[in-house]
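Undergrad: If you scroll down you'll find the structure; I have some questions about it.
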Amino acid sequence: MSEVGDFNFSVHFWGVRGSIACPGLQTARYGGNTSCLEIRCGDDVLIFDAGTGIRNLAKSLMGPKNLELDLFLTHTHFDHVCGFPFFAPAFKSDTRLRIWAGHLSPGRQINEVLGYVMREPLWPVQLEYMAAKISFCDFIAGEVLRPKDGIVVRTTPLNHTNGATGYRIEYDDRSICYITDTEHFPDRLNQDIVDLIKGTDIFIYDCTYTDDEYPDHVDWGHSTWREGVKLAKEADVKTFVVFHHNPDHDDDAMDSIATSVMAALPGSVVAREGMTLCP
């Protein structure tokens, strides 16, 4: 894994925070935008989550015409979808956009949920005003998806309030796993996660809390970096990436976490906004 080299398969971090955006001088080095990843598989672009980071991703995509994009949502809590109304390519008529979601309860659909977000009095511009050719792809977490030739996306349900989906993206004999938002079990590892991330090149995990903070946030749907290390070791992953940073953790706090994580599992990475990793 490297931050340079073969960009034929890569993940770029446009937003690394959880819960709420926290821009400012105290978070400038790690970033304050909420969750958004861009995974490049050759010429294909897969987007994961539509937090506030998606706005800058959108700006980077506005040059080319006839974009074909896939947006995969882990879930639809506000911090993961609040940037969607600012996704400029969705307002271009020559864009083709597929939106995938696997966490919703039976009878609910992702177009319905995003329609609620983009409806008065919450928002003045309705979903119907987006000029792109948008397809809504509901699935059940656990299914295997094949969005493009040569790309396989494996999924699993996560332990999160209102549900969430974990993803494993496989391309060119390599893989990247994106596992957020999820809460660990008190007495065992989550075997569904272990199975999904087994042997992966890059494992991105919800590390919202430290061990000291977690007892005050049980059942809030989030995990710790130490639980992520346990999963990484059990599944023999190549690179563990700390993600979904607590908005109360400023850059100095994140530096301290980085030191602790790398002592526990050398070679680990703490995600920073603007970082690109290649398996």
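Undergrad: If you bin the C-alpha pair distances of the chain every 10 Å from 0, what whole percents do you get?
TA: 7, 31, 39, 19, 4, 0
Undergrad: Please identify, among Glu213, Glu68, Glu183, the residue showing maximal mean-square fluctuation in a Gaussian network model of the chain using a 10 angstrom Cα cutoff.
TA: Between Glu213, Glu68, Glu183, it is Glu213 that shows the largest mean-square fluctuation.
Undergrad: In addition: May I ask for the net charge around Ala132, where only other residues with Cβ less than 14 Å from the Cβ of Ala132 are counted and Lys, Arg are +1 while Asp, Glu are -1?
TA: Neighbourhood net charge equals +1.
Undergrad: Using only Cα positions of segment 201-279, each an equal point scatterer, no hydration layer, compute I(q)/I(0) via Debye at q = 0.24, 0.25 Å⁻¹ and quote the log10 values to two decimals.
TA: -1.22, -1.31
Undergrad: Assuming a ≥ b ≥ c are the square roots of the Cα gyration tensor eigenvalues, decide whether segment 39-165 counts as rounded (a/c under 1.5), prolate (otherwise, with a/b larger than b/c) or oblate.
TA: Oblate, since a/c reaches 1.5 and b/c is not below a/b.
Undergrad: Just to be sure I follow: if Rg is taken over the C-alpha atoms of segment 9-108 and Rh is the Kirkwood radius over the same atoms, what is Rg/Rh? Numbers along the way, then the final one.
TA: On the way: Rg = 13.7 Å, Rh = 14.0 Å.
Ratio value, two decimals: 0.98.
Undergrad: I've got another one for you. In nm, to one decimal, how far is the Lys65 label point from the Asn111 one, both placed 7 Å along Cα→Cβ?
TA: Going by the 7 Å Cα→Cβ label model, 2.7 nm.
Undergrad: Over 28 Å between Cα atoms: which of Lys148/Lys198; Lys92/Lys238; Lys148/Lys230; Lys92/Lys148 fall into that group? Working shown, then result.
TA: Numbers: Lys148/Lys198 23 Å; Lys92/Lys238 39 Å; Lys148/Lys230 33 Å; Lys92/Lys148 22 Å.
With Cα atoms farther than 28 Å apart: Lys92/Lys238; Lys148/Lys230.
Undergrad: Taking every DSSP beta bridge that has both residues in the chain, what percent is antiparallel when rounded to the nearest 5?
TA: Antiparallel: roughly 50 percent of the beta bridges in the chain.
Undergrad: Under 17 Å from a point 7 Å along the Cα-to-Cβ line of Asp138: which residues of segment 160-183 have their amide N that close?
TA: 162-165, by backbone N distance to the label point.
Undergrad: For a test of the definition: using alpha carbon positions, the gyration tensor, and the 1.5 limit on a/c, classify segment 80-225 as rounded, prolate or oblate.
TA: Oblate, since a/c reaches 1.5 and b/c is not below a/b.
Undergrad: If you don't mind, another one. Can you tell which of Trp100, Trp225, Trp123 shows the greatest fluctuation in a Gaussian network model of the chain with Cα springs below 10 Å?
TA: Looking only at Trp100, Trp225, Trp123, the largest GNM fluctuation is found for Trp123.
Undergrad: Please check: in the Gaussian network model of the chain (C-alpha springs, under 10 Å), which one of Pro121, Pro89, Pro147 has the largest mean-square fluctuation.
TA: Pro121
Undergrad: What size of dipole, in debye to the nearest 20, comes out for segment 124-279 about its Cα centre when the only charges are +1 on Lys and Arg C-beta atoms and -1 on Asp and Glu C-beta atoms?
TA: 760
Undergrad: Between segment 59-109 and segment 6-54, what is the C-alpha centre distance in whole Å?
TA: 14
Rule-based calculations on the coordinates, nothing more; no lab input. Predicted model only: the values in this text are computed from it and were never measured. Neighbour counts run over all protein chains shown; Cβ positions are idealised from the backbone, glycine included.
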